[in-house]
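Heads up: the structure comes next, in structure tokens.
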Amino acid sequence: MKLRPDFPLLANNPGLHYLDSAATSQKPAAVLDAMRDFYETSNANPHRGAYSLSVRATECYLQARSDVARFLGAADTDALIFTRGTTEALNLVAGSWGRANVRAGDEIVVTAMDHHANFVPWQQLALEKGATLRICELTDEGRLDLGCMRGLVSSRTKVVAFNHVSNALGTINPVTDIVRLVRDQSDAITVCDGAQSAPHFPVRFDELGVDFYAFSGHKMLGPMALGALIGKRELLEKMPPYQSGGDMIEFVHDDRSTWNVLPHKFEAGTPNAAGAVGLAAAVKYLGRIGMDRVLAHERSLMAVAQARLSAIEGVRIYGPPVGERSGVLSFTLEDVHPHDLATILDGEGVCIRAGHHCTQPLMRRLGVAATARASFYVYNDEDDVDALLEGVLKARDIFGYVPS
Amino acid sequence: MSRPETSADIAALYQEMILDHYRRPRNKGKLENPDATAEMRNPLCGDEIDLQVNFSGDAVGELRFSGKGCSISLASASMMTQVVEGKTAAEVDAIRRRFRELMLGDLTAANDVRLGALRALSGVSRFPARVKCALLAWNALESVLAGRNG
């Protein structure tokens, strides 16, 4: 794939090697153009005006919802709630379904590989309600330990939250197996953090079987501050609103209010219509490539990078084999702190992430304070892998090899 | 897009002296009965420094630090303990302010002999994302001294 020219930031910076797409992706001109076009031709407040420009804005917003829902295999378009991103979507479930349904003595299961966004809201809910948070541990290879999960889920379990793909290790979790296990052993709802799956391979919400699936547009070529929650209608309809205000109401009496239908009940205030239009353009772009090809491309680059990195003495790579991961390569080099590695790589024009990746519980279990993480996407190529390798070798030169 | 870091900047950042303090930190460990302690965390990267200090009169006596972090944060901690030992609170405060100026790009501070080995960290100012690493131990020291005054 030779897609770099489609991305203005990359095209304008030939020496830049962007390997931090798990944090946020670059944006193709098609997305930027779609958003500009919305503001230049269709901008008005959706759902409000009786005039034709507002109708046009509303249509753009509705069309975007339907395009994104179709891309993620959700037949019930109105069960896709636009949010600021994965974090807000997960907080919506914890704050609305969780507050209404979790009680003292109940249990909530999360995993040791969850991002803080799918860990802290549940931890805080448990503290607030007097419920117990249980953590599903990992195998030595960085897979979810389903045996551990089987032992944790019981009739006391109200929520099982997990990620589809680990942002720190790249592990792809067996969602349908987890859902079956949870259904067999409990009446718990399943909440899947899809921030690292929606951008990287085909996802069909209706086939996954989870009750809620959250994702972020900015990690999949879309604009920042626009993501979504897809939920099962029967659950969403019973849930209280998450925020209140304009658009989400039906009638406001002096002493009480009633709520609008889905999806509006969960979308208080003026929606981010331009962002939704941008995300729709992003999924159209990804759809033209084909999500199977996206994954194959990332894996082929990652396989080369992993083979070459492993050949460097002192490099340690975390997580399961390449064939079981999406485009994330987490590693450390000797006693060189990942921050120092990232600074040296930055000097070579290579952008990687260094730190705990918002997964402190996972880092504790790996026994490291931080890792370096290179993540791959559609615009990366072998030049980026070459630059990564040169940078790591340079770091090794600067720090010198000290035999322990 | 500005990308100020060049190979020369990288070389200036990772001077031999910094790597030496990173690999062979001075005053690393714990005091038996410290007069004051402070823990500092950088939640963004997970770096942590635990600082322990004894006082002798108005002066800073023995110091020890422990923790984990990058070469910049640990070298800065190691050098700091050497430079401030035996100095009065007022002197330490002046050094701390001067070091901060150095980190914010005041290169006249790079010639200030009061900073001693810390001048080797002058390259950090070219890397805004790393200034916080260099200041972590100093924030711990500031907290120790503020606690003493308060």
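The values are calculated or read from the model by the stated rules, or taken from the named source; none is laboratory data. All values reported here derive from a predicted model rather than from experimental measurement. A quick note on method: Cβ atoms are made from the backbone with ideal geometry, for glycine too, and the neighbour counts reach across all protein chains shown.
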- If a residue has to be within 14 Å of another protein chain (Cβ to nearest Cβ) and at negative phi to count, how many in the range B:51-68 make the cut? 2
- Task: Can you tell me which residue within the range A:370-390, out of those that are buried (at least 22 other Cβ atoms within 10 Å of the Cβ) and free of Cβ contacts under 8 Å to residues at least 60 places away in the same chain, is nearest to the other protein chains (Cβ to nearest Cβ)?
- Result: A:ALA370
- Checking A:ARG396 against (1) at the interface with chain B (Cβ under 8 Å from one of its Cβ atoms); (2) surrounded by 18 or more Cβ atoms within 10 Å (Cβ to Cβ); (3) out of contact with any strand residue (DSSP E or B) (no Cβ under 6 Å at 6 or more places or on another chain), which test does it fail? (1)
- Item | Candidate set from the range A:165-209 (those that are surrounded by 24 or more Cβ atoms within 10 Å (Cβ to Cβ) and without any contact (Cβ under 8 Å) to a residue 40 or more places away in the chain); member that is farthest from A:ARG325 (Cα to Cα) | A:VAL182
- Working carefully through the options A:ALA94, A:ALA104, A:ALA79, A:ALA112, find the one that is in contact with a Phe, Trp or Tyr (Cβ under 8 Å, 6 or more places away or on another chain) and not assigned by TED's automatic domain parsing to the domain that holds A:ARG364. A:ALA94
- Going through the range B:110-142 one residue at a time, which ones are of a type in the set (Gly, Ala, Ser) and within 18 Å of B:GLN82 (Cα to Cα)? B:ALA110, B:GLY116, B:ALA117, B:ALA120, B:SER122, B:ALA134, B:ALA137, B:ALA140
- Item | Residue selected from the range A:313-356 under the condition of a type in the set (A, V, I, L, M) and under 22 Å from A:HIS164 (Cβ atoms), by the criterion modelled with the lowest pLDDT | A:VAL322
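Matching residues to (1) at pLDDT below 95; (2) under 20 Å from A:PHE201 (Cα atoms); (3) in contact with a helix residue (DSSP H, G or I) (Cβ under 6 Å, 6 or more places away or on another chain):
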position	(1), (2), (3)
A:GLN124	no, no, no
A:LEU127	no, no, no
A:ARG134	no, no, yes
A:ARG156	no, no, no
A:LEU169	no, yes, no
- Among residues of the range A:101-142 being hydroxyl-bearing (Ser, Thr, Tyr) and surrounded by fewer than 21 Cβ atoms within 10 Å (Cβ to Cβ), the residue nearest to the chain's Cα centre (by Cα) is A:THR139
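Regarding A:ILE352, is this residue within 14 Å of another protein chain (Cβ to nearest Cβ) and over 26 Å from the mean Cα position of the chain (by Cα)?
no
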- Message: Going by what's in this entry, would A:VAL109 be described as within 15 Å of A:ALA214 (Cα to Cα) and in contact with a strand residue (DSSP E or B) (Cβ under 7 Å, 6 or more places away or on another chain)?
- Response: no
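Taking the range A:63-86 only, how many residues are of a type in the set (Lys, Arg) and either buried (at least 16 other Cβ atoms within 10 Å of the Cβ) or touching a strand residue (DSSP E or B) at 6+ places or on another chain (Cβ under 9 Å) (or both)?
Residues that pass the stated criteria total 2.
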- Looking at the range B:1-20, which of the residues that are among the charged types (D, E, K, R) and either in a loop (DSSP other than H, G, I, E, B) or at pLDDT below 90 (or both) is surrounded by the most Cβ atoms within 10 Å (Cβ to Cβ)? B:GLU5
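Filter the range A:171-180 down to the residues that are closer than 15 Å to A:TYR318 by Cβ and out of contact with any Phe, Trp or Tyr (no Cβ under 9 Å at 6 or more places or on another chain) and list them by number. Give the steps one after another, and end with the answer.
Quick first cut of the range A:171-180, residues closer than 15 Å to A:TYR318 by Cβ only: A:171-172.
Matches in the range A:171-180: A:THR171 only.
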- Note on the structure: Note on the range B:21-48: residues within 11 Å of chain A (Cβ to nearest Cβ) and either surrounded by 18 or more Cβ atoms within 10 Å (Cβ to Cβ) or in contact (Cβ under 8 Å) with a residue 12 or more places away in the chain (or both) are B:TYR22, B:ASN42, B:LEU44, B:CYS45, B:GLY46, B:ASP47, B:GLU48
- Evaluate the following for A:ARG36: is it basic (Lys, Arg), in contact with a helix residue (DSSP H, G or I) (Cβ under 8 Å, 6 or more places away or on another chain) and either modelled with pLDDT under 95 or not in a loop (DSSP other than H, G, I, E, B) (or both)? no
- Query: With respect to A:LEU295, is the statement that it is assigned to a helix (DSSP H, G or I), surrounded by 15 or more Cβ atoms within 10 Å (Cβ to Cβ) and assigned by TED's automatic domain parsing to the domain that holds A:GLY391 true?
  - Reply: yes
- Task: Provide a single number: the residues in the range B:17-56 that are farther than 29 Å from A:CYS358 by Cβ and hydroxyl-bearing (Ser, Thr, Tyr).
- Result: 1
- Hey, can you tell me all the residues within the range B:49-92 that are buried (at least 21 other Cβ atoms within 10 Å of the Cβ), part of a strand (DSSP E or B) and either aromatic (Phe, Trp, Tyr) or out of contact with any Pro (no Cβ under 7 Å at 6 or more places or on another chain) (or both)? B:ILE49, B:LEU51, B:VAL60, B:LEU63, B:PHE65, B:GLY67
- Task: Specify the residue that is farthest from the other protein chains (Cβ to nearest Cβ); the eligible residues are those in the range A:326-342 that are in contact with a Leu (Cβ under 7 Å, 6 or more places away or on another chain) and of a type outside the set (Gly, Ala, Ser).
- Result: A:VAL328
- Matching entry among A:THR24, A:THR58 (being outside any loop (DSSP other than H, G, I, E, B), in contact with a His (Cβ under 6 Å, 6 or more places away or on another chain) and surrounded by fewer than 20 Cβ atoms within 10 Å (Cβ to Cβ)): A:THR58
